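Colleague: My questions will all concern the structure given below.
The values are calculated or read from the model by the stated rules, or taken from the named source; none is laboratory data. This is a predicted model, so every value here is computed, not measured. No Cβ is skipped: glycine too gets one built from the backbone with ideal geometry, and neighbour counts run over all protein chains shown. Ligands, DNA and RNA are excluded from the accessible area calculation, which covers all protein heavy atoms including side chains. Shrake-Rupley method; radii C 1.70, N 1.55, O 1.52, S 1.80 Å.
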Amino acid sequence: MNPLYNVNFSEAQLAWREKAHEIAVKYLLPQSMQHDKAESFNEDAFQAAADAGMLGVWIPKEYGGSDDGILGLALMVEEFSKADPAFGVAFAVNALGSLPIIVGGTHEQKAKYLPLVAQGKAACAFALSEKFAGSDAGGLSVRGTKEGDTWTICGEKKWTTNGSRANIITCFAVTDPESRSRRISAFIIEDTDPGFSIKKLEDKMGIRSVPVCETVFDGVKVGDDRLIGGKPGLGFKHSMMTLDLARPGVAAQAVGTAAGALELATTYATRRKQFGQTIAGFQMIQAMLADMAQQTEAARTLVHTCAAMADQRAPNVTKIAAMAKCFATDVAVKVATDAVQVFGGYGFMEDYPIAKYYRDSKILQIYEGTNQVQRMVIARNLIKEASRHDYLNSVIPTETQESYGAEPVTANV
Ligand SMILES: Cc1cc2nc3c(=O)[nH]c(=O)nc-3n(C[C@H](O)[C@H](O)[C@H](O)COP(=O)(O)OP(=O)(O)OC[C@H]3O[C@@H](n4cnc5c(N)ncnc54)[C@H](O)[C@@H]3O)c2cc1C
């Protein structure tokens with residue numbers, strides 16, 4: 001039988017959610033369209049979140065955080081994203097960028113950097129992707145070479161979210177090109193390190209108020225104290241552990257995006273009149289709204305389960321994290337698309353914020369692993385698990401497969 005996990009919201013987690021809602025109403029709803037147009041970051045909202053201690057929610061208490069976990073993070077990100085999906089990702093990337101230190105850092109690294117993140121004094125970014133290495137993270141070309149006690153990092157990263165705002169950038173570089181399993185190491189780069197620079201701010205379809213950049217590491221020199229975990233070759237493992245814990249955050253961003261689009265569409269449907277009645281009275285509009293609500297609620301439940309499982313260090317968080325990311329982000333795109341349909345021609349214009357939800361939603365299916373990649377991860381795990389379903393041997397015996405000419409099922413994926 002599959003193990004079941006309780007989802008219990010602590011008082012503290014619910015209080016963070018409430019606080020996020022307050023900040024969203026005060027700073028995000030009134031400003032999100034302006035920031036989107038100007039491509040400017042909502043510093044007011046970020047400062048309010050920092051002042052409230054919200055950047056320490058996923059950080060352990062001994063390193064200055066409140067230790068309210070991935071579930072605490074997901075609850076806040078949903079509230080922010082409901083008001084402004086772009087701010088939701090800008091906030092969540094602080095978790096993405098600091099998680100490699102949390103999952104793999106030495107005590108000294110955690111003690112030096114995590115309190116700064118928790119206090120909102122240092123913003124974070126996560127630099128894995130490159131121009132020619134996106135889904136295939138094993139194909140990185142940024143190099144880390146060691147001479148004496150000094151590492152030199154050389155190369156360029158693509159699409160570093162928060163890159164131009166971040167003070168701490170966790171950067172993944174090839175340190176042993178000959179090795180298959182220990183090729184990559186992760187480094188902590190500070191924005192003031194000589195050789196680090198921003199090459200270009202990307203011009204994007206959505207999440208326009210968040211800076212996404214090409215980042216350059218032109219001979220950045222660091223010591224072993226910046227090598228995450230203090231040993232080379234652990235970077236790929238740390239990146240995968242990080243993504244398992246960060247994907248519930250993207251999924252929560254998707255739930256918030258869907259919930260915000262649904263609320264706008266429902267409100268619009270009760271105001272807009274055609275044929276002498278509000279469009280909310282038409283059954284086809286009602287069916288769309290009902291489907292949007294069901295999908296959003298299902299995604300929310302899956303995200304909460306996934307976040308609780310991550311906090312309880314459940315085995316195989318990888319599969320549920322991929323499911324939550326894939327399902328919730330597909331829902332966000334579907335719900336935002338249908339919300340535009342409810343708005344009719346006005347949905348296609350920038351008069352109302354609904355077009356922004358539509359534009360902001362699409363990236364959710366692409367970053368932190370495309371949804372094709374998530375489906376691969378889910379399927380691989382299912383196939384591995386199938387080899388353990390011994391009790392089904394009587395239902396689908398090997399002879400049956402052989403008699404149909406099929407290969408026996410293996411877990412070789
Ligand atoms: C706005 C934005 C912000 C981002 N932020 C960050 C960040 O902060 N840090 C960071 O490191 N990266 C970031 N990224 C990078 C992002 O994670 C990658 O874009 C993503 O992983 C996909 O890589 P790619 O764009 O190179 O697409 P590709 O890997 O080239 O994929 C192209 C298409 O092929 C499909 N595909 C690829 N391989 C397979 C396969 N084996 N089977 C089936 N289909 C496949 C993909 O699903 C996709 O549809 C960001 C990207 C964007 C656009």
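Colleague: With all protein chains present and a 1.4 Å probe, how do LYS112, LYS204, LYS157 order by accessible area, largest first? Don't jump to the answer; show the numbers that get you there.
Modeller: Values: LYS112 105, LYS204 30, LYS157 5 Å².
Result, largest first: LYS112, LYS204, LYS157.
Colleague: Loop-only trypsin sites (Lys or Arg not before Pro) in region 161-198, please: DSSP not H, G, I, E or B, and at most 13 other Cβ atoms within 10 Å. Don't skip to the answer; put the middle values down first.
Modeller: Numbers: sites: ARG165, ARG180, ARG182, ARG183; in loops: ARG165, ARG180, ARG182, ARG183.
Those satisfying the criteria are ARG180.
Colleague: Below 8 Å between Cα atoms, with a sequence gap of 6+, how large is the relative contact order for the chain in percent?
Modeller: Working: 786 pairs, mean separation 65.8, N = 413.
Once normalised by length, the contact order is 16 percent.
Colleague: Per residue, how much accessible surface does region 125-178 expose to a 1.4 Å probe? Answer in Å², no decimals.
Modeller: Values: 2320 Å² over 54 residues.
Ligands and nucleic acids excluded, the result is 43 Å² per residue.
Colleague: OK, next. Restricted to Cα positions, what overall size does region 53-192 have along the principal axes? Three whole-Å values, descending.
Modeller: Taking the Cα atoms of region 53-192, the three principal extents are 44, 31, 29 Å.
Colleague: For SER135 paired with GLU263, estimate the spin-label separation in nm (one decimal), with each label point 7 Å from Cα along the Cα-to-Cβ line.
Modeller: Distance between label points: 3.5 nm.
Colleague: Return the FRET efficiency for the residue pair GLN119, GLN286: r is the Cβ-Cβ distance, R0 is 35 Å, and the value is rounded to the nearest 0.05. Numbers along the way, then the final one.
Modeller: Working: r = 48 Å, r/R0 = 1.37.
Computed FRET efficiency for GLN119 and GLN286: 0.15.
Colleague: Give the lysines reachable from LYS110 as a straight Cα distance under 21 Å; neighbours fewer than 8 places away on the same chain don't count.
Modeller: Output for LYS110: LYS61, LYS121, LYS221, LYS231, LYS237.
Colleague: Which of the DSSP-defined H helices in the chain satisfy a minimum axial length of 27 Å, computed from C-alpha atoms, and a minimum mean Kyte-Doolittle hydropathy of 0.5?
Modeller: Values: long enough: 85-104 (29 Å, 1.67); 235-271 (53 Å, 0.30); 283-311 (42 Å, 0.22); 317-343 (38 Å, 1.04).
Going by DSSP H runs, the hits are 85-104, 317-343.
Colleague: Ok, one more. Translational diffusion coefficient, Stokes-Einstein: compute it for region 125-233 using the Kirkwood radius over C-alpha pairs as Rh, at 4 °C and 1.567 mPa s, and state it as an integer in µm² s⁻¹.
Modeller: The Stokes-Einstein estimate is 93 µm²/s.
Colleague: Would you please state the base-10 log of I(q)/I(0) at q = 0.12, 0.19 1/Å for region 304-361, with intensities from the Debye formula using one equal scatterer on every alpha carbon?
Modeller: Debye curve over Cα of region 304-361, log10 I(q)/I(0) at q = 0.12, 0.19 Å⁻¹: -0.42, -0.67.
Colleague: Also: Heavy atoms only, probe 1.4 angstrom, no DNA, RNA or ligands counted: give me TYR27, TYR352 ranked by accessible area, highest first. Walk me through the numbers on the way to the answer.
Modeller: Numbers: TYR27 60, TYR352 90 Å².
The most accessible residue leads, giving TYR352, TYR27.
Colleague: Compute the Rg to Rh ratio over region 237-386 from the alpha carbon atoms, using the Kirkwood formula for Rh, and round to two decimal places. Before the final figure, lay out each step's value.
Modeller: Working: Rg = 17.3 Å, Rh = 16.2 Å.
That ratio is 1.07, to two decimals.
Colleague: Can you show me the helix-derived [θ] at 222 nm for the chain, built from DSSP H runs with n ≥ 4 at -39,500 (n - 2.57) apiece and divided by the number of residues, rounded to the nearest 500.
Modeller: Numbers: 12 runs with 200 residues, N = 413.
Result for the chain: -16000 deg cm²/dmol, rounded to the nearest 500.
Colleague: Per 10 Å bin, what is the whole-percent P(r) computed from every C-alpha pair distance within region 223-273?
Modeller: 21, 24, 19, 15, 11, 8, 2
Colleague: Right, here's the next one. In the chain, what % of DSSP beta bridges are antiparallel (nearest 5)?
Modeller: Numbers: 30 of 35 bridges.
Rounded to the nearest five, the antiparallel share is 85 percent.
Colleague: Dipole magnitude of region 125-233 about its Cα centre, charges +1 at Lys/Arg Cβ and -1 at Asp/Glu Cβ only, in debye to the nearest 20?
Modeller: In total the dipole reaches around 320 debye.
Colleague: Ratio of region 14-75's C-alpha Rg to 2.2 N^0.38 Å, to two decimals? If you can, show how the numbers build up before the last one.
Modeller: Working: Rg = 13.0 Å, N = 62, 2.2 N^0.38 = 10.6 Å.
That works out to 1.23 for region 14-75.
Colleague: If I ignore ligands, DNA and RNA and count only protein heavy atoms, how much of VAL25 is accessible to a 1.4 Å probe, in Å² to the nearest 10?
Modeller: 70 Å²
Colleague: Follow-up question, since we're still on this one. Got a sec? What order do PHE343, PHE348 fall in by accessible area at 1.4 Å, biggest, i.e. largest, first? Working shown, then result.
Modeller: Working: PHE343 10, PHE348 165 Å².
Greatest to least solvent exposure: PHE348, PHE343.
Colleague: Just the accessible area for ASP390, please: 1.4 Å probe, Å², rounded to the nearest 10?
Modeller: 100 Å²
Colleague: How big is the C-alpha Rg of region 11-123 next to the rule-of-thumb value 2.2 N^0.38 Å, as a ratio? Intermediate values should be presented prior to the final figure.
Modeller: Numbers: Rg = 13.7 Å, N = 113, 2.2 N^0.38 = 13.3 Å.
Dividing the Cα Rg of region 11-123 by 2.2 N^0.38 Å gives 1.04.
Colleague: Using +1 on the beta carbon of Lys and Arg, -1 on that of Asp and Glu, and nothing else charged, what's the dipole of region 11-123 about the Cα centre, debye to 20?
Modeller: Numbers: 9 positive and 15 negative charges, 42 e Å.
Once rounded to the nearest 20, the dipole reads 200 debye.
Colleague: Where is the GNM fluctuation largest for the chain (alpha-carbon springs, 10 angstrom cutoff): GLU297, GLU79, GLU385?
Modeller: So, out of GLU297, GLU79, GLU385, the one fluctuating most is GLU385.
Colleague: If you wrap a convex hull around the C-alpha atoms of the chain and split its volume per residue, what is the figure in Å³?
Modeller: Numbers: hull volume 69.1 nm³, N = 413.
So the per-residue hull volume is 167 Å³.
Colleague: Could I ask something else about it? For LYS384, tell me the accessible area in Å² from a 1.4 Å probe, rounded to the nearest 10.
Modeller: Counting only protein heavy atoms, LYS384 exposes about 90 Å² to solvent.
Colleague: A further question on this structure: Using the Cα centre as the reference, give the magnitude of the dipole from point charges on the C-beta atoms of the chain (Lys, Arg: +1; Asp, Glu: -1; all else neutral), rounded to the nearest 20 debye. Provide the component values of the computation, followed by the final result.
Modeller: Numbers: 42 positive and 47 negative charges, 69 e Å.
For this selection, approximately 340 debye.
Colleague: Which whole-angstrom value gives the distance between the alpha carbon centres of region 127-183 and region 240-266?
Modeller: 27 Å
Colleague: Starting from region 209-316, pick out the trypsin sites (Lys or Arg not before Pro) whose DSSP state is loop and whose Cβ has at most 10 other Cβ atoms within 10 Å. If you can, show how the numbers build up before the last one.
Modeller: Numbers: sites: LYS221, ARG226, LYS237, ARG271, ARG272, LYS273, ARG300, ARG313; in loops: ARG272, ARG313.
For trypsin sites (Lys or Arg not before Pro) across region 209-316 that sit outside H, G, I, E and B with at most 10 neighbouring Cβ atoms in 10 Å, the list reads ARG313.
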